[in-house]
Number of protein chains: 2
Amino acid sequence: MFSECPPSRPRVTARDRLLDAAVRLVRENGYGATSVDALCAAAGVTKGAFFHHFASKEALGIAAAEHWRAHAAGLFDHAAYRTDPDPVARVLGYVDHRAALIAGAPAEFSCLAGTMVQEVHETHPGLRDACRDSIHGHGDSLAADFDAAIAACGVTGVTGIGLARHVQTVLQGGFVMAKASNDAAAAQEAVAHLRRYLVLIFGKGDGS
Amino acid sequence: MFSECPPSRPRVTARDRLLDAAVRLVRENGYGATSVDALCAAAGVTKGAFFHHFASKEALGIAAAEHWRAHAAGLFDHAAYRTDPDPVARVLGYVDHRAALIAGAPAEFSCLAGTMVQEVHETHPGLRDACRDSIHGHGDSLAADFDAAIAACGVTGVTGIGLARHVQTVLQGGFVMAKASNDAAAAQEAVAHLRRYLVLIFGKGDGS
């Protein structure tokens, strides 16, 4: 979902390295194709260390989804657009910030949680719910800005939470299309249509 | 991507049964978690029969993506909206038709190609391209209707192929969100926003 690696920590533990390995390998290969052996090799830890920290691959997946959400929050909490007094500018600022993060190979900018949930939605309910919480927990933070924009512009027929979820929907779809064409441009085009939609909804009132 | 099963054929071969099993199992579990053994068991064929028809699991995946595209085409070619003289009504008719197919568990209405490509985009280029062709081959058939709608309404800033791809983008994203919440309503909401976007773009001219 975001291209940057998590910021370096003062003390990188085996657990941290396994979480970072899960983010990288699952974005490259999916959850099913990522074995515990491959995770251990990528993290430079023993299988014993793996099972000291995680009871199963699913338990690591659940922790990785939460790790991913915390990472996402850090990327946006202090972005400049967050302090714009105009709520329409804030939601468009978020969209522009997301567009700026789409670069390189799809594995570098696509979403860990969106990738995992494609595979585990029926077979691993705990991991599915962790993916849902990761996607919603980040995306739903936009709902208040959308509610303010809806009120400021007198828009009817949409809700703040509905638009916040749709932003994540289009991003997830953009990642699938970028993977299919092996080209970041497909995700950029998705975001451009999303922005156009929001401008059509809010553009005339423009928050004033 | 479509909830109906492929229409029954006069003579169902082992190859057909393997393709149908691949559609079902990959939509339920993903590509990585679907083994050749599981495919053989679901199709009721021997491993010898599998390798008589397909050189590898990837070869079956490629054939399944094409099988899926042909199935999709059959669902839409004779739909009533296809003959509407108004191109805006035709594109909205397609969207409404898609909405009507979203029901039940996510494995029943989500997209085989969109699921596979999440996992194989880096590791299996041949299968990735087959997924791209499946998604684009179906979705791009809308481009001519969008071009006609754009011309009829004097819309600027968008292209027929760009809008056709965006329709598939939102659907793919809706499937991810439906899997995350284990609820078809998330995909329905995605389609409702898509429809609103298209009405905002074309609504005023309305093709006349």
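When segment B:152-165 is limited to residues that are assigned to a helix (DSSP H, G or I) and free of Cβ contacts under 8 Å to residues at least 24 places away in the same chain, the one that is nearest to the other protein chains (Cβ to nearest Cβ) turns out to be B:162. For segment A:192-206, filtered to residues that are more than 10 Å from chain B (Cβ to nearest Cβ) and assigned to a helix (DSSP H, G or I), the residue that is surrounded by the fewest Cβ atoms within 10 Å (Cβ to Cβ) is A:195. Could you go through segment B:172-188 and let me know if any residue there is in a helix (DSSP H, G or I), more than 7 Å from chain A (Cβ to nearest Cβ), at pLDDT 95 or above and within 18 Å of residue B:81 (Cβ to Cβ). Within segment B:172-188, none of the residues are in a helix (DSSP H, G or I), more than 7 Å from chain A (Cβ to nearest Cβ), at pLDDT 95 or above and within 18 Å of residue B:81 (Cβ to Cβ).
Hey, does segment A:114-123 have a residue that's part of a helix (DSSP H, G or I), within 29 Å of residue A:180 (Cβ to Cβ), touching a Leu at 6+ places or on another chain (Cβ under 7 Å) and at pLDDT 95 or above? Yes, segment A:114-123 has at least one match.
So which residues in segment A:52-68 are in contact with a helix residue (DSSP H, G or I) (Cβ under 9 Å, 6 or more places away or on another chain), surrounded by fewer than 21 Cβ atoms within 10 Å (Cβ to Cβ) and closer than 23 Å to residue A:119 by Cα?
A:56, A:57, A:58, A:59, A:63, A:66
Only residues that are within 15 Å of the chain's Cα centre (by Cα) and closer than 16 Å to residue A:200 by Cβ were counted in segment B:146-180, giving 2.
May I ask you to verify whether residue B:141 is touching a residue at least 12 places away in the same chain (Cβ under 8 Å), assigned to a helix (DSSP H, G or I), within 23 Å of residue B:21 (Cβ to Cβ) and of a type in the set (Gly, Ala, Ser)? Against the criterion (touching a residue at least 12 places away in the same chain (Cβ under 8 Å), assigned to a helix (DSSP H, G or I), within 23 Å of residue B:21 (Cβ to Cβ) and of a type in the set (Gly, Ala, Ser)), residue B:141 does not qualify. Before we move on, is residue A:102 outside any helix (DSSP H, G or I), within 14 Å of chain B (Cβ to nearest Cβ), touching a residue at least 60 places away in the same chain (Cβ under 8 Å) and aliphatic (A, V, I, L, M)? Taking the combined requirement at face value, the residue satisfies it.
Sort through A:124, A:136 and tell me the only one that's touching a Lys or Arg at 6+ places or on another chain (Cβ under 8 Å) and either under 27 Å from residue A:57 (Cα atoms) or of a type in the set (Asp, Glu) (or both). Result: A:136 is the single residue among A:124, A:136 that is touching a Lys or Arg at 6+ places or on another chain (Cβ under 8 Å) and either under 27 Å from residue A:57 (Cα atoms) or of a type in the set (Asp, Glu) (or both). For segment A:108-126, the candidate set comprises residues that are of a type in the set (A, V, I, L, M) and more than 7 Å from every other protein chain (Cβ to nearest Cβ); within that set, the residue that is nearest to residue A:25 (Cα to Cα) is A:112.
The values are calculated or read from the model by the stated rules, or taken from the named source; none is laboratory data. These figures come from a predicted structure and were not determined experimentally. Ideal geometry is used to build each Cβ from the backbone, glycine not excepted, and the neighbour counts take in all protein chains shown.
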